[in-house]
Amino acid sequence: MMALEAALERAFNEIEPALVARLDAVLAEGLPDQPYWPGMTPRPGAGPVFEISRRAASDVTPANWRESEAWAAGFVLMRRGYFWEAHEVLEPVWQGLPPNGPDRPFVQAAIQYANGRLKAAMGRDKAAARLFAIASAHLEDARSRGFRPGGDGP
């Protein structure tokens with residue numbers, strides 16, 4: 001999992017700091033006091049996560065996903081401990097990428113990593129381990145297709 005976390009950290013570091021700061025401020029104001037844990041906490045029905053996700057469905061393209069609001073928001077949310085919410089904003093990024101390209105499995109790795117972090121936070125260690133293994137497999141798939149976290153060479 002260290003390789004996956006290193007790849008995600010590198011991808012995060014490639015995001016424009018001003019975008020991260022703006023999203024951090026927006027999310028700090030609009031997030032519920034506690035993250036959503038399915039079956040344990042109330043499910044949010046509105047707010048910035050849903051707005052970002054809705055915009056991403058039409059705004060994200062294969063050419064701009066690395067600079068997209070939704071991609072950056074996924075990292076901001078994970079860093080705040082809002083893992084289900086991170087999945088919600090990352091999913092339309094994944095959906096906007098070509099099925100056979102190298103980028104899609106990397107975004108799927110990020111989504112499964114967020115899911116694994118959610119299960120770990122909920123105390124579901126076996127589920128978390130399974131999801132981390134799936135996420136790592138998606139990273140390897142992305143790499144085998146030529147993906148590089150920063151969009152450049154190895």
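The values are calculated or read from the model by the stated rules, or taken from the named source; none is laboratory data. Fair warning: this is a prediction, and the values are worked out from it, not measured in the lab. All Cβ positions, glycine included, derive from the backbone under ideal geometry; neighbour counts span all protein chains shown.
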Answer residue from the stretch 34-90, given it is among the charged types (D, E, K, R) and farther than 16 Å from Asp24 by Cβ and is farthest from the chain's Cα centre (by Cα) among those: Arg43
Residues of the stretch 58-94 satisfying the condition of being in contact (Cβ under 8 Å) with a residue 24 or more places away in the chain and of a type in the set (A, V, I, L, M): Val60, Ala72, Ala73, Val76, Leu77, Met78, Ala86, Val89, Leu90, Val93
Complete set of residues in the stretch 1-18 that are modelled with pLDDT of 95 or more, over 15 Å from the mean Cα position of the chain (by Cα) and not charged (D, E, K, R): Pro17, Ala18
Residue in the stretch 32-43 that is basic (Lys, Arg) and surrounded by 12 or more Cβ atoms within 10 Å (Cβ to Cβ) present: no
Residues that are outside any loop (DSSP other than H, G, I, E, B) and charged (D, E, K, R), drawn from the stretch 35-67: Glu51, Arg54, Arg55, Asp59, Arg66, Glu67
Ala25 of a type in the set (A, V, I, L, M) and exposed (fewer than 12 other Cβ atoms within 10 Å of the Cβ): yes
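Yes or no, residue by residue, for (1) free of Cβ contacts under 8 Å to residues at least 60 places away in the same chain; (2) within 26 Å of Ile134 (Cα to Cα); (3) β-branched (Val, Ile, Thr):
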residue	(1), (2), (3)
Glu14	no, yes, no
Leu19	yes, no, no
Tyr36	yes, yes, no
Arg43	yes, yes, no
